[in-house]
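A.B. asks: Mind having a look at this structure? Questions to follow.
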Amino acid sequence: MNLIIGNGISFIAGIFIILSMWVNDPKEAYKYQFLNAFILAISSIFFFSWTGVTTMAIAALRNALVYKDKLTFPLAIVFCIIAVALGFIINNYGLIGWLPIIAILEITICNYCLKSIKPIKISFIVNSAIYIIYFVAIFDYVSTVVETITALIGVISLIRLILMEKRELKEIKNE
């Protein structure tokens with residue numbers, strides 16, 4: 001029953017992660033990332049993934065700060081330290097349990113450093129790849145499918161963005 005409930009909640013979270021990949025406004029992307037992480041923290045309870053609960057709760061808080069333009073370098077470091085420390089204490093999935101921790105470190109560093117949408121999208125795609133492996137390992141099938149679709153949408157969206165920028169540059173040169 002927990003698997004069914006967890007997968008149902010993960011489906012709802014998946015809608016927001018897909019939206020975060022599709023939009024081209026960094027602020028809007030982080031709003032959807034917040035909603036995704038918050039809902040995945042809830043679904044992780046049903047998978048008994050305490051690392052997932054912790055990292056998703058940290059990610060939700062961090063994404064809220066990014067959305068409000070309040071993620072400072074010291075806060076980014078604090079989030080990384082907390083993620084590693086709590087991950088070490090509550091990891092109940094061995095090496096697989098470290099994947100959410102690696103993912104939160106990757107995205108936290110990117111959240112602080114990256115400001116334009118193209119590299120932000122790339123960081124989201126890398127993050128999705130890490131989570132695909134993790135979700136397969138904990139039998140969160142809905143999140144596996146959603147993250148795979150999300151990564152593909154992210155790649156398509158990134159290609160569209162690059163092509164749009166090329167067209168705009170070509171138009172500027174032709175003027």
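A.B. asks: Name every residue in region 87-116 that is surrounded by fewer than 18 Cβ atoms within 10 Å (Cβ to Cβ) and either in contact (Cβ under 8 Å) with a residue 60 or more places away in the chain or of a type in the set (G, A, S) (or both), in order of residue number.
C.D. replies: G94, K115, S116
A.B. asks: Which condition does N111 not pass, out of (1) outside any helix (DSSP H, G or I); (2) farther than 25 Å from I45 by Cα, if it passes all the others?
C.D. replies: (1)
A.B. asks: So which pairs qualify, if the first residue must be in region 1-26 and over 19 Å from I162 (Cα atoms) and among the hydroxyl-bearing types (S, T, Y), the second must be outside any helix (DSSP H, G or I) and modelled with pLDDT under 90, the Cβ gap must be under 7 Å, and the two must be at least 6 apart or on different chains?
C.D. replies: S10/D140
A.B. asks: Please enumerate the residues belonging to region 90-108 that are assigned to a helix (DSSP H, G or I) and under 21 Å from L61 (Cα atoms).
C.D. replies: If the condition is that a residue be assigned to a helix (DSSP H, G or I) and under 21 Å from L61 (Cα atoms), then I90, G97, L99, P100, I101, I102, A103, I104, L105, E106, I107, T108 are the ones that fit.
A.B. asks: Further, regarding this structure: Within region 37-60, identify whether any single residue is closer than 20 Å to C113 by Cβ, assigned to a helix (DSSP H, G or I) and open to solvent by 30 Å² or more (accessible area, probe 1.4 Å), and answer yes or no.
C.D. replies: Among the residues of region 37-60, not one is closer than 20 Å to C113 by Cβ, assigned to a helix (DSSP H, G or I) and open to solvent by 30 Å² or more (accessible area, probe 1.4 Å), which makes the answer no.
A.B. asks: Which ones in region 117-134 are over 14 Å from the mean Cα position of the chain (by Cα) and at pLDDT 90 or above?
C.D. replies: Once the filter is applied, which keeps residues that are over 14 Å from the mean Cα position of the chain (by Cα) and at pLDDT 90 or above, region 117-134 yields only K118.
A.B. asks: Restricting attention to region 130-154, which residues are open to solvent by 60 Å² or more (accessible area, probe 1.4 Å), in a helix (DSSP H, G or I) and in contact with a helix residue (DSSP H, G or I) (Cβ under 7 Å, 6 or more places away or on another chain)? Please lay out each step first, then the result.
C.D. replies: Taking region 130-154 first, the residues open to solvent by 60 Å² or more (accessible area, probe 1.4 Å) are 133, 136, 139, 141, 145, 149, 152.
So of that shortlist, the ones also in a helix (DSSP H, G or I) come out as 133, 136, 141, 145, 149, 152.
Hits for region 130-154 are I133, V136, Y141, I149.
A.B. asks: If you take the residues in region 61-86 that are outside any helix (DSSP H, G or I) and open to solvent by less than 80 Å² (accessible area, probe 1.4 Å), which one is farthest from N127 (Cα to Cα)?
C.D. replies: T72
The values are calculated or read from the model by the stated rules, or taken from the named source; none is laboratory data. Computed from a predicted model, the values in this text were never measured in an experiment. Every residue, glycine among them, receives a Cβ derived from its backbone with ideal geometry; neighbour counts consider all protein chains shown. To get the accessible areas, we keep the full protein, side chains included, count just its heavy atoms, and leave off ligands, DNA and RNA. Shrake-Rupley method; radii C 1.70, N 1.55, O 1.52, S 1.80 Å.
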